[in-house]
Amino acid sequence: MKKREGFFIVFFLIVLVVILGFVIYYFNRNDFKEKNEIIEEYVPEEEVSENQLRNTIISLYFVNKESKEINPEARNINANELLKDPYKYLIEQLISGPKNEKLEKAIPENTKLNNVKLIEDILYIDFSEDFINNALEGKENEDVIIETIVKTVTELNEVNSVRILINGEENKSFKDGEISFENNFSRQDY
(Lines give C-alpha, C1' and ligand atoms only; values in the text may rest on other atoms or scores of the structure.)
Protein backbone atom coordinates (compact mmCIF):
# COMPACT_ATOMS: atom_id res chain seq x y z
CA MET A 1 0.00 0.00 0.00
CA LYS A 2 2.85 2.35 0.79
CA LYS A 3 4.19 1.85 -2.71
CA ARG A 4 0.87 2.80 -4.14
CA GLU A 5 0.63 5.96 -2.01
CA GLY A 6 4.15 6.94 -3.05
CA PHE A 7 3.26 6.35 -6.69
CA PHE A 8 0.17 8.61 -6.45
CA ILE A 9 2.15 11.35 -4.74
CA VAL A 10 4.83 11.26 -7.45
CA PHE A 11 2.17 11.06 -10.19
CA PHE A 12 0.28 13.99 -8.62
CA LEU A 13 3.49 16.08 -8.42
CA ILE A 14 4.33 15.34 -12.08
CA VAL A 15 0.83 16.31 -13.21
CA LEU A 16 1.05 19.49 -11.09
CA VAL A 17 4.45 20.43 -12.64
CA VAL A 18 3.11 19.82 -16.18
CA ILE A 19 0.00 21.93 -15.54
CA LEU A 20 2.12 24.68 -13.96
CA GLY A 21 4.46 24.56 -16.98
CA PHE A 22 1.54 25.01 -19.40
CA VAL A 23 0.15 27.92 -17.36
CA ILE A 24 3.54 29.69 -17.30
CA TYR A 25 4.05 29.07 -21.03
CA TYR A 26 0.56 30.37 -21.88
CA PHE A 27 0.93 33.62 -19.89
CA ASN A 28 4.46 34.27 -21.15
CA ARG A 29 3.34 33.74 -24.75
CA ASN A 30 0.46 36.22 -24.37
CA ASP A 31 2.70 38.71 -22.59
CA PHE A 32 5.23 38.42 -25.45
CA LYS A 33 2.46 39.04 -28.01
CA GLU A 34 1.28 42.14 -26.15
CA LYS A 35 4.81 43.56 -25.96
CA ASN A 36 5.36 43.09 -29.69
CA GLU A 37 2.06 44.54 -30.86
CA ILE A 38 2.40 47.76 -32.80
CA ILE A 39 0.80 50.75 -31.16
CA GLU A 40 -1.09 52.55 -33.87
CA GLU A 41 -1.62 55.90 -32.15
CA TYR A 42 0.02 57.58 -29.19
CA VAL A 43 -2.42 59.47 -27.06
CA PRO A 44 -0.66 61.93 -24.74
CA GLU A 45 -1.82 62.24 -21.16
CA GLU A 46 -2.13 65.98 -21.65
CA GLU A 47 -3.20 67.67 -24.84
CA VAL A 48 -0.60 69.95 -26.47
CA SER A 49 -2.14 73.29 -27.28
CA GLU A 50 -1.75 75.12 -30.59
CA ASN A 51 0.13 77.80 -28.70
CA GLN A 52 2.68 75.33 -27.30
CA LEU A 53 3.38 74.00 -30.78
CA ARG A 54 4.33 77.47 -31.98
CA ASN A 55 6.84 78.22 -29.21
CA THR A 56 10.60 78.06 -29.62
CA ILE A 57 13.57 78.96 -27.45
CA ILE A 58 16.04 81.66 -28.45
CA SER A 59 19.23 82.89 -26.78
CA LEU A 60 19.85 86.58 -26.28
CA TYR A 61 23.17 87.77 -24.89
CA PHE A 62 23.41 90.34 -22.11
CA VAL A 63 25.96 91.50 -19.53
CA ASN A 64 26.09 89.87 -16.11
CA LYS A 65 25.83 92.73 -13.58
CA GLU A 66 28.26 91.12 -11.12
CA SER A 67 30.92 89.46 -13.27
CA LYS A 68 30.55 91.74 -16.33
CA GLU A 69 30.73 88.61 -18.52
CA ILE A 70 28.46 88.06 -21.50
CA ASN A 71 25.77 85.52 -20.61
CA PRO A 72 22.92 84.05 -22.65
CA GLU A 73 19.33 84.47 -21.58
CA ALA A 74 17.00 81.80 -22.93
CA ARG A 75 13.55 82.99 -23.91
CA ASN A 76 10.53 80.93 -24.86
CA ILE A 77 8.87 82.87 -27.67
CA ASN A 78 6.17 82.44 -30.25
CA ALA A 79 7.90 81.10 -33.38
CA ASN A 80 5.58 83.18 -35.58
CA GLU A 81 7.18 86.34 -34.18
CA LEU A 82 10.59 85.06 -35.18
CA LEU A 83 9.45 83.97 -38.64
CA LYS A 84 8.15 87.42 -39.64
CA ASP A 85 11.51 89.20 -39.38
CA PRO A 86 13.96 87.25 -37.20
CA TYR A 87 16.81 89.77 -37.38
CA LYS A 88 14.66 92.74 -36.43
CA TYR A 89 12.99 90.75 -33.66
CA LEU A 90 16.31 89.70 -32.09
CA ILE A 91 17.81 93.20 -32.20
CA GLU A 92 14.64 94.73 -30.74
CA GLN A 93 14.79 92.21 -27.90
CA LEU A 94 18.41 93.24 -27.21
CA ILE A 95 17.40 96.91 -27.20
CA SER A 96 14.53 96.15 -24.79
CA GLY A 97 16.87 94.42 -22.37
CA PRO A 98 16.89 91.24 -20.32
CA LYS A 99 14.09 89.81 -18.21
CA ASN A 100 16.57 88.33 -15.73
CA GLU A 101 17.39 90.94 -13.09
CA LYS A 102 20.98 89.66 -12.79
CA LEU A 103 21.65 90.77 -16.36
CA GLU A 104 21.75 94.17 -18.03
CA LYS A 105 21.61 95.30 -21.62
CA ALA A 106 24.72 96.49 -23.39
CA ILE A 107 23.06 98.45 -26.19
CA PRO A 108 23.14 102.17 -25.29
CA GLU A 109 20.01 103.92 -24.04
CA ASN A 110 17.60 105.46 -26.57
CA THR A 111 19.12 103.47 -29.45
CA LYS A 112 16.62 102.86 -32.23
CA LEU A 113 16.79 100.23 -34.93
CA ASN A 114 16.43 101.93 -38.31
CA ASN A 115 16.78 98.90 -40.52
CA VAL A 116 18.20 95.41 -40.63
CA LYS A 117 18.80 93.19 -43.65
CA LEU A 118 20.73 90.09 -44.56
CA ILE A 119 22.90 90.21 -47.68
CA GLU A 120 24.50 86.84 -48.37
CA ASP A 121 25.73 85.84 -44.88
CA ILE A 122 26.31 89.38 -43.55
CA LEU A 123 23.65 91.02 -41.39
CA TYR A 124 23.58 94.79 -41.90
CA ILE A 125 22.22 96.52 -38.80
CA ASP A 126 21.40 100.22 -39.09
CA PHE A 127 21.12 101.97 -35.71
CA SER A 128 20.22 105.54 -34.81
CA GLU A 129 23.04 107.88 -33.84
CA ASP A 130 22.21 107.24 -30.17
CA PHE A 131 24.08 103.95 -30.59
CA ILE A 132 27.39 105.82 -30.73
CA ASN A 133 26.47 108.98 -28.80
CA ASN A 134 25.20 107.18 -25.67
CA ALA A 135 27.72 104.32 -25.57
CA LEU A 136 30.10 104.06 -22.62
CA GLU A 137 33.50 104.98 -23.99
CA GLY A 138 36.50 102.70 -23.96
CA LYS A 139 37.39 99.70 -26.08
CA GLU A 140 36.32 97.23 -23.41
CA ASN A 141 32.81 98.73 -23.07
CA GLU A 142 32.39 99.02 -26.82
CA ASP A 143 33.55 95.43 -27.36
CA VAL A 144 30.84 94.25 -24.98
CA ILE A 145 28.16 96.08 -27.00
CA ILE A 146 29.32 94.51 -30.27
CA GLU A 147 29.79 91.07 -28.70
CA THR A 148 26.21 90.89 -27.37
CA ILE A 149 24.88 91.77 -30.83
CA VAL A 150 27.15 89.37 -32.72
CA LYS A 151 26.59 86.42 -30.38
CA THR A 152 22.83 86.90 -30.49
CA VAL A 153 22.34 87.18 -34.26
CA THR A 154 24.93 84.52 -35.19
CA GLU A 155 22.78 82.01 -33.32
CA LEU A 156 20.90 81.98 -36.62
CA ASN A 157 22.69 79.65 -39.05
CA GLU A 158 22.47 81.98 -42.02
CA VAL A 159 24.30 84.86 -40.26
CA ASN A 160 28.09 84.64 -40.17
CA SER A 161 29.00 88.27 -39.54
CA VAL A 162 27.54 91.67 -38.70
CA ARG A 163 28.05 95.08 -40.27
CA ILE A 164 27.05 98.13 -38.19
CA LEU A 165 25.63 101.21 -39.91
CA ILE A 166 24.67 104.50 -38.27
CA ASN A 167 21.71 106.27 -39.88
CA GLY A 168 22.38 104.32 -43.08
CA GLU A 169 26.07 105.25 -43.28
CA GLU A 170 28.99 102.85 -43.26
CA ASN A 171 32.50 103.48 -41.92
CA LYS A 172 31.43 105.19 -38.71
CA SER A 173 32.92 104.43 -35.31
CA PHE A 174 32.20 104.96 -31.65
CA LYS A 175 32.84 108.54 -30.47
CA ASP A 176 36.28 107.79 -29.06
CA GLY A 177 37.35 106.06 -32.29
CA GLU A 178 38.43 102.91 -30.41
CA ILE A 179 36.22 100.61 -32.50
CA SER A 180 35.47 101.38 -36.12
CA PHE A 181 32.58 99.92 -38.08
CA GLU A 182 34.64 99.65 -41.29
CA ASN A 183 34.87 95.86 -41.00
CA ASN A 184 32.43 93.09 -40.31
CA PHE A 185 32.25 91.57 -36.84
CA SER A 186 32.04 87.77 -36.57
CA ARG A 187 31.63 85.30 -33.73
CA GLN A 188 35.27 84.27 -34.13
CA ASP A 189 36.28 87.80 -33.05
CA TYR A 190 34.87 87.05 -29.59
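The values are calculated or read from the model by the stated rules, or taken from the named source; none is laboratory data. Computed from a prediction, not measured in an experiment: that's the story for all the values here. Every residue, glycine as well, gets a Cβ built from its backbone with ideal geometry; the counts of neighbours run over all protein chains shown. The accessibility values were calculated without ligands, DNA or RNA, using every heavy atom of the protein model including side chains. Shrake-Rupley method; radii C 1.70, N 1.55, O 1.52, S 1.80 Å.
Output ³J(HN,Hα) for the range 55-70: one whole-Hz value per residue in order, computed from phi by the Karplus curve 6.51 cos²θ - 1.76 cosθ + 1.60 with θ = phi - 60°, and x for Gly and Pro.
Rounded to whole hertz, the list is 7, 9, 10, 10, 10, 10, 9, 9, 9, 6, 4, 7, 8, 6, 7, 8.
Checking the table K88/K172; K68/K175; K68/K151; K68/K105 against a 18 Å threshold on Cα-Cα, which pairs fail?
K88/K172; K68/K175
Hey, rough spin-label estimate for E66 and E109, points 7 angstrom out along Cα→Cβ, what's it come to in nanometres?
The two pseudo-label positions are separated by 2.6 nm.
Which ³J(HN,Hα) values in Hz, rounded to whole numbers, follow from the phi angles of the range 114-128 under the Karplus curve 6.51 cos²θ - 1.76 cosθ + 1.60, where θ = phi - 60° and Gly and Pro get x?
Rounded to whole hertz, the list is 7, 6, 8, 8, 9, 10, 6, 10, 10, 9, 8, 10, 9, 9, 6.
Would you kindly find the accessible area of S67, with a 1.4 Å probe and non-protein molecules such as ligands, DNA and RNA excluded, rounding to the nearest 10 Å²?
Spelled out: S67, probe radius 1.4 Å, area about 60 Å².
How far is it, in nm, from the label point at N160 to the one at D189 when both lie 7 Å from their Cα along the line to the Cβ?
1.6 nm
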